[in-house]
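Asks: Let me give you the structure first, and then I'll get to my questions.
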Amino acid sequence: MTTPEAPADAYLDHAATTPMSRAALEAYVAEAGRAGNASSLHSAGRAARRAVEESRESVAASLGARPSEVIFTAGGTESDNLAVKGIFWGRRRSDPRRTRVLVSAVEHHAVLDPAFWLAGHAGAEIVLLPVDGDGRVDLAALRAELTEHGDEVALVSVMWANNEVGTVQPVRDVVRLAHQHGVPVHTDAVQAVGQVEVDFAASGVDAMTVTAHKLGGPLGVGALLARRDLPIEAVLHGGGQERGVRSGTLDVPAIRSFAVALAETVAARPERAPALAALRDKLVAGVRAVDPEAVLRGPDPSSDDGAAARLPANAHFTFPGAEGDSLLYLLDSAGVQASTGSACQAGVPQPSHVLLAMGVPEVEARGALRFSLGATSTAADVDRLVAALPQVVERARAAGLVSAPGGAA
Amino acid sequence: MRVLAAMSGGVDSAVAAALAVEAGHDVVGVHMALSRNRDQFRTGSRGCCSIEDAGDARRAADVLGIPYYVWDLSERFEETVVADFLAEYEAGRTPNPCVRCNEHIKFEALLDKATALGFDAVATGHYAQVVTREGADGTVVRELHRSPNDEKDQSYVLAVMGPDRLARAMFPLGGFASKAEVRAEAERRGLSVSAKPDSYDICFVADGDTRGFLRDRLGSRPGEVVDTDGAVVGEHDGAYAFTVGQRKGLGLGRPAADGRARYVVDVQVSTNTVVVGPAELLSVDRIETHKAVWLAAPQEHAEGAWLDDVEVQVRAHGAPVPARVRAATAADGTPAIDVELTGRPLRGVAAGQSLVVYRGTRVLGQGTVARAWRG
């Protein structure tokens, strides 16, 4: 129960979505008050077009890309679908043998599901690249696959950083291997932007997904950055906007607000990322102190190479004997908002495919909890979690004893 | 109190949750996911287990302004309710899966998890009343009673829970005399499920075809249908799919010599034989049960002492009949209830059915039918 004295909830779920920054909100509201279709030729249309192009230049500058490489979309899922399907179709058109799609086993469903859809509907063969115990993609497996089938591969898609366990992938190594075989690389950088340095040109990737609402921007807008020489077919057909790759009237307020939030978050990163990492380390230490049995999943930031191998704002634990949904409920009622980190189907918690791919047994994967920090996070949020956690874990374990399959009657 | 409202997505449980909220309780809605593969469950508006139902439950929780969670109890459901359903049919008995679900899922898996998480009670949309009164020694006695709504009364399927579980159960619809009133309450609160049709069938039998479900899961086992003299009168795909008292679907080519209707009078799984005979062979007035659970206080059912002036009911929507009963111990060592019918006999009482003992509207106890005969 919330009492008048109770502080606001501790929001530890920034990887799900972030609050909009003040500047982004102001930009959105200002633009939303104007009429204008960016495809119209009259003055209102020209003003809208100008706002879009300025935003495009800003997004490109923030991410080390050229403006012509920025395709605005309705967000991460659309960008991933456009990349996977569009590159697959584009590559296959020039060479019908290129039917293989290589994706890491820990990709977001917005990459995995279009890939498997292509397998079911367009003759694609999906190769799931295995990961190690920390969730890092197996480069030897990628190399072997490319060596054996390089001339049949349409594309490789490996995320910049994982949304559940925060593992930063060796994207440059992936690019180097793939390009040796002339294979383009897509990366989903939705979680990475604002937390680690993301430079589209320097990374060498051919296409990259970003979204606004994970970095202080509005919901429902994002971009696919795509090199101009990358063959890519449209998924949405219509008025021919965004170089014919993504038709649809441009959402000017959302695009403007996205550009503002992105510029802000990229500028803040050099200072904010170390601060979030320090806060995250405090959170990890606090959780471990409360429950020594809790297992940190993903790279350990206190190890030699761990700090760079993990997103600074991510912490992810499994709590043996407890179920994620029990932990979630108990934390929520204690005013702490977190996530199990895995996708829900009709609200039914499924063991995370990411954890399973990392070799975590299903029974342990059930007890997963992700904490993700952001621009508005404070030490008080972490204190609140650590204070609530002892009773939460104890109760969730008691519930786990009685509710596990085959559990005590 | 902290109350967990089990929300199926139907109108009854939504109104039950609303009433719990309005009674001032701290309520959290939980939808039980009973199958990971939703396709194998019935879909559409009649179910309690489809994706639409989970969405309806979520929407109702939103309207009530309460937190909402989905708990995955699919493995427990499969290994208790579905497994019991199959094993009982395979053994030639006739299970009631709704009774087993209340016993193992709603008032065990769900209730125990809720208790562990700090909830004081689980509220459901069942039609039954809990009446509290002061006992002889000053303690509070909780009694389970029939709903005033005869048509919807669900005390029969709830009787399986013992007193300590009843103490943590809450049936906010207990006082409602009609479903129309419940629908009106739903509409008054803007709950969109107010006009949703009732569910009737077994939720995990997708198309209502129980025999087909059993054949899929247990396999085809062809055998003979014989009459009471042992003469073969037909064939079947598996004796397990037949129930004592069944008349339809026997697939007998020829009518009986005397032209009278024939019923299943025995299911012999050891020889995979179904025995058919005339209706009078189905009449019984003695019933032995096992795995009995008493809701009445121990001093009310001392072993061996007959309780007169009670009624027993053997089907969810069957009529109760006058009887006398006594507590006993079954051959398998579990508590038993022995039954002698004192009015008219019952027809077609099958092993495996749940027998509930009532005095007036009050549930005294429940047992599982072991055998029934003409005394």
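The values are calculated or read from the model by the stated rules, or taken from the named source; none is laboratory data. Small disclaimer: the values here were computed from a predicted structure and weren't measured. No Cβ is skipped: glycine too gets one built from the backbone with ideal geometry, and neighbour counts run over all protein chains shown.
Asks: Considering only the range A:115-122, I want to know if a residue exists there that is within 18 Å of the chain's Cα centre (by Cα) and at pLDDT 95 or above. Before you say what the answer is, go through the steps one by one.
Replies: Taking the range A:115-122 and keeping what is within 18 Å of the chain's Cα centre (by Cα), we get A:115.
Checking the rest, the ones that are also at pLDDT 95 or above come to A:115.
Yes, some residue in the range A:115-122 is within 18 Å of the chain's Cα centre (by Cα) and at pLDDT 95 or above.
Asks: Among the candidates B:G333, B:G304, which residue alone is without any contact (Cβ under 8 Å) to a residue 24 or more places away in the chain, in a loop (DSSP other than H, G, I, E, B) and more than 23 Å from the chain's Cα centre (by Cα)?
Replies: Working: B:G304 fails: without any contact (Cβ under 8 Å) to a residue 24 or more places away in the chain.
Answer to the selection: B:G333.
Asks: Among the residues of the range B:74-92, write down those that are surrounded by fewer than 21 Cβ atoms within 10 Å (Cβ to Cβ), touching a Leu at 6+ places or on another chain (Cβ under 7 Å) and away from chain A (no Cβ under 13 Å).
Replies: B:L86, B:E90
Asks: Would you confirm whether or not the range A:208-221 contains a residue that is at positive phi and in contact with a strand residue (DSSP E or B) (Cβ under 8 Å, 6 or more places away or on another chain)?
Replies: As a first pass, look at the range A:208-221 and keep what is at positive phi: A:216, A:220.
Subsequent filtering for residues that are in contact with a strand residue (DSSP E or B) (Cβ under 8 Å, 6 or more places away or on another chain) retains none.
There is no residue in the range A:208-221 that is at positive phi and in contact with a strand residue (DSSP E or B) (Cβ under 8 Å, 6 or more places away or on another chain).
Asks: Separate question: Identify, please: which residue in the range A:239-248 is in a loop (DSSP other than H, G, I, E, B) and at positive phi and is, among those, surrounded by the fewest Cβ atoms within 10 Å (Cβ to Cβ)? If you could, list the steps in order and put the result at the bottom.
Replies: Let us first name the residues in the range A:239-248 that are in a loop (DSSP other than H, G, I, E, B), namely A:239-241, A:245, A:247-248.
Within this subset, residues satisfying the condition of being at positive phi are A:240, A:248.
Numbers: A:G240: 13, A:G248: 16.
Among those that are in a loop (DSSP other than H, G, I, E, B) and at positive phi, it is A:G240.
Asks: Hey, does the range B:309-325 have a residue that's assigned to a strand (DSSP E or B), at pLDDT below 95 and farther than 20 Å from B:A370 by Cα?
Replies: Our first condition is that a residue be assigned to a strand (DSSP E or B); within the range B:309-325, this holds for B:309-313, B:321-325.
If we keep only those that are at pLDDT below 95 too, we end up with B:309.
If we keep only those that are farther than 20 Å from B:A370 by Cα as well, we get B:309.
Within the range B:309-325, one or more residues are assigned to a strand (DSSP E or B), at pLDDT below 95 and farther than 20 Å from B:A370 by Cα.
Asks: Pull up the range B:103-136, narrow it to residues that are out of contact with any Asp or Glu (no Cβ under 6 Å at 6 or more places or on another chain), touching a residue at least 60 places away in the same chain (Cβ under 8 Å) and β-branched (V, I, T), then point me to the one that is nearest to the other protein chains (Cβ to nearest Cβ).
Replies: Looking at the filtered set, the residue picked out is B:I105.
Asks: Okay, next question. Can we say A:G36 is more than 14 Å from every other protein chain (Cβ to nearest Cβ), farther than 24 Å from A:V205 by Cβ and not basic (K, R)?
Replies: On the way: more than 14 Å from every other protein chain (Cβ to nearest Cβ): yes; farther than 24 Å from A:V205 by Cβ: yes; not basic (K, R): yes.
Here the answer is yes, as A:G36 does meet what is asked.
Asks: Here's another thing I want to ask about it. Please enumerate the residues belonging to the range B:33-53 that are modelled with pLDDT under 85 and closer than 12 Å to B:M7 by Cα. First the steps, then the outcome.
Replies: Step one: of the range B:33-53, the residues modelled with pLDDT under 85 are B:35-53.
Matches in the range B:33-53: B:C48, B:C49, B:D53.
Asks: Next question. When you check A:A141 against the structure, is it in contact with a Leu (Cβ under 7 Å, 6 or more places away or on another chain) and either over 15 Å from A:S79 (Cα atoms) or of a type in the set (S, T, Y) (or both), yes or no? Steps first, please.
Replies: On the way: in contact with a Leu (Cβ under 7 Å, 6 or more places away or on another chain): yes; either over 15 Å from A:S79 (Cα atoms) or of a type in the set (S, T, Y) (or both): yes.
Yes: the conditions hold for A:A141.
Asks: Which helices (runs of 4 or more DSSP H) sit wholly inside the range A:344-409 and have at least 2 residues that are within 14 Å of chain B (Cβ to nearest Cβ) and at pLDDT below 95? Please lay out each step first, then the result.
Replies: On the way: elements: A:353-357, A:362-365, A:379-403.
Hits in the range A:344-409: A:362-365, A:379-403.
Asks: Within the range B:62-70, is even one residue assigned to a helix (DSSP H, G or I), under 29 Å from B:A195 (Cβ atoms), in contact with a helix residue (DSSP H, G or I) (Cβ under 6 Å, 6 or more places away or on another chain) and at pLDDT 85 or above?
Replies: So in the range B:62-70, the residues assigned to a helix (DSSP H, G or I) come out as B:62-64.
Keeping just the survivors that are under 29 Å from B:A195 (Cβ atoms) gives B:62-64.
From the residues that got through so far, the ones that are in contact with a helix residue (DSSP H, G or I) (Cβ under 6 Å, 6 or more places away or on another chain) too are B:64.
After this cut, where a residue has to be at pLDDT 85 or above as well, the list is B:64.
Yes, the range B:62-70 contains at least one residue that is assigned to a helix (DSSP H, G or I), under 29 Å from B:A195 (Cβ atoms), in contact with a helix residue (DSSP H, G or I) (Cβ under 6 Å, 6 or more places away or on another chain) and at pLDDT 85 or above.
Asks: Report whether or not A:F258 is outside any strand (DSSP E or B), under 20 Å from the mean Cα position of the chain (by Cα) and more than 14 Å from chain B (Cβ to nearest Cβ).
Replies: In short, yes.
Asks: Next up: Which of the residues that make up the range A:249-289 are surrounded by fewer than 17 Cβ atoms within 10 Å (Cβ to Cβ), hydrophobic (A, V, I, L, M, F, W, C) and in contact (Cβ under 8 Å) with a residue 12 or more places away in the chain?
Replies: Listed by number, the residues that qualify are A:A268, A:A289.
Asks: Right, here's the next one. For the range B:74-105, how many residues are within 12 Å of the chain's Cα centre (by Cα) and of a type in the set (D, E, K, R)?
Replies: Count: 2.
Asks: Can you tell me which residues in the range B:54-73 are more than 14 Å from chain A (Cβ to nearest Cβ) and surrounded by fewer than 19 Cβ atoms within 10 Å (Cβ to Cβ)?
Replies: B:V63
Asks: Let me ask something else. With the requirement that a residue be under 26 Å from A:L215 (Cα atoms), among the hydrophobic types (A, V, I, L, M, F, W, C) and surrounded by 15 or more Cβ atoms within 10 Å (Cβ to Cβ), what does the range A:290-323 give you?
Replies: A:L296, A:A307, A:A309, A:L311, A:A313, A:A315, A:F317
Asks: Additional query: Give the residue that is surrounded by the fewest Cβ atoms within 10 Å (Cβ to Cβ), with candidates limited to residues of the range B:122-159 that are polar (S, T, N, Q) and in a loop (DSSP other than H, G, I, E, B). Reasoning before the result, please.
Replies: The first filter runs over the range B:122-159 and keeps only residues polar (S, T, N, Q), leaving B:124, B:129, B:132, B:139, B:147, B:149, B:154-155.
If we keep only those that are in a loop (DSSP other than H, G, I, E, B) as well, we get B:124, B:139, B:147, B:149, B:154.
Working: B:T124: 27, B:T139: 8, B:S147: 22, B:N149: 20, B:Q154: 22.
Step by step, filter the range B:122-159, then rank; the result is B:T139.
Asks: So which strands (runs of 3 or more DSSP E) stay within the range B:237-294 end to end and still have 3 or more residues that are more than 30 Å from B:T342 (Cα to Cα) and over 27 Å from the mean Cα position of the chain (by Cα)?
Replies: Values: elements: B:263-268, B:273-277, B:286-294.
Answer list for the range B:237-294: none.
Asks: For A:G86, indicate whether it is buried (at least 23 other Cβ atoms within 10 Å of the Cβ), within 26 Å of A:V360 (Cβ to Cβ) and small (G, A, S). Before the answer, list the steps.
Replies: Numbers: buried (at least 23 other Cβ atoms within 10 Å of the Cβ): yes; within 26 Å of A:V360 (Cβ to Cβ): no; small (G, A, S): yes.
For A:G86, the condition - buried (at least 23 other Cβ atoms within 10 Å of the Cβ), within 26 Å of A:V360 (Cβ to Cβ) and small (G, A, S) - is not met.
Asks: Given the criteria surrounded by fewer than 18 Cβ atoms within 10 Å (Cβ to Cβ) and either modelled with pLDDT of 90 or more or touching a helix residue (DSSP H, G or I) at 6+ places or on another chain (Cβ under 6 Å) (or both), does B:R183 qualify? Step through it out loud before you land on a result.
Replies: Working: surrounded by fewer than 18 Cβ atoms within 10 Å (Cβ to Cβ): no; either modelled with pLDDT of 90 or more or touching a helix residue (DSSP H, G or I) at 6+ places or on another chain (Cβ under 6 Å) (or both): yes.
Answer is no for this residue.
Asks: Kindly provide the set of residues from the range B:160-171 that are assigned to a helix (DSSP H, G or I) and over 11 Å from B:A128 (Cβ atoms), ordered by number. So that I can check it myself, show each step before the final result.
Replies: Taking the range B:160-171 as the starting set, the residues that turn out to be assigned to a helix (DSSP H, G or I) are B:163-166.
Within the range B:160-171, B:P163, B:D164, B:R165 meet the criteria.
Asks: Please enumerate the residues belonging to the range A:290-337 that are within 14 Å of another protein chain (Cβ to nearest Cβ), among the small types (G, A, S) and either part of a loop (DSSP other than H, G, I, E, B) or without any contact (Cβ under 8 Å) to a residue 24 or more places away in the chain (or both).
Replies: Those that are within 14 Å of another protein chain (Cβ to nearest Cβ), among the small types (G, A, S) and either part of a loop (DSSP other than H, G, I, E, B) or without any contact (Cβ under 8 Å) to a residue 24 or more places away in the chain (or both): A:G321, A:A322, A:S333, A:A334, A:G335.
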